[in-house]
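A single structure is presented below for examination.
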Amino acid sequence: MNPDGASTPGVVSPAWKTEQYKVNNEMSAIPEDSKRAGGMSVREAGQKGGETVKQKYGAEFYEQIGRKGGLATKEAHGHQFYEQIGKKGGKKGGEATRDRYGPDFYERIGQKGGQKVKQLIEEGKRAAAAAREKRAS
């Protein structure tokens with residue numbers, strides 16, 4: 001249901017105790033009972049399976065399969081693919097940060113960063129002056 005109480009097409013009533021899962025860019029309602037086979041949620045089962053694989057093959061296994069997947073993606077889509085998804089991710093992240101903290105947030109963190117740089121420069125100058133005095137004596 002929408003916040004205004006109207007029913008949304010394709011979404012089962014909350015009375016059925018359902019959760020929404022995105023499958024192939026389509027939303028489907030899965031009854032809560034069906035996701036708890038054997039008293040374990042899908043997430044818990046996935047986590048348990050991942051831990052079992054980690055114990056059996058070691059953490060390096062994930063590095064190896066990740067590297068293989070990355071190389072296969074690079075061969076299939078080329079270097080530009082990574083540039084495109086990086087730009088999209090950066091834009092989405094920036095928009096999410098702006099929406100969460102507001103546009104003034106960037107001004108505040110910029111000022112904090114500038115103050116920190118100023119402080120570090122002053123500390124560096126003091127350290128250099130102390131080193132010169134130490135050498136002179």
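For Q84, indicate whether it is of a type in the set (S, T, N, Q) and at pLDDT 85 or above.
Values: of a type in the set (S, T, N, Q): yes; at pLDDT 85 or above: yes.
Yes, satisfied.
Do we find that I121 is in a helix (DSSP H, G or I), modelled with pLDDT under 90 and of a type in the set (A, V, I, L, M, F, W, C) in this structure?
On the way: in a helix (DSSP H, G or I): yes; modelled with pLDDT under 90: no; of a type in the set (A, V, I, L, M, F, W, C): yes.
No, not satisfied.
Inside the range 62-121, can you point out the residues that are of a type in the set (A, V, I, L, M, F, W, C) and within 30 Å of G50 (Cβ to Cβ)?
Just the residues of the range 62-121 that are of a type in the set (A, V, I, L, M, F, W, C), to begin with: 65, 71-72, 76, 81, 85, 96, 105, 109, 117, 120-121.
Of everything in the range 62-121, those that are of a type in the set (A, V, I, L, M, F, W, C) and within 30 Å of G50 (Cβ to Cβ) turn out to be I65, L71, A72, A76, F81, I85, A96.
Just checking, which of A72, A76, A129 is modelled with pLDDT of 90 or more, of a type in the set (A, V, I, L, M), part of a helix (DSSP H, G or I) and loosely packed, with under 10 Cβ neighbours inside 10 Å? Give the derivation first.
On the way: A72 fails: loosely packed, with under 10 Cβ neighbours inside 10 Å; A129 fails: loosely packed, with under 10 Cβ neighbours inside 10 Å.
Unique residue meeting the criteria: A76.
The values are calculated or read from the model by the stated rules, or taken from the named source; none is laboratory data. Remember, predicted model here, so these are calculated numbers, not experimental data. Cβ: placed from backbone, ideal geometry, glycine included. Neighbour counts: every protein chain shown.
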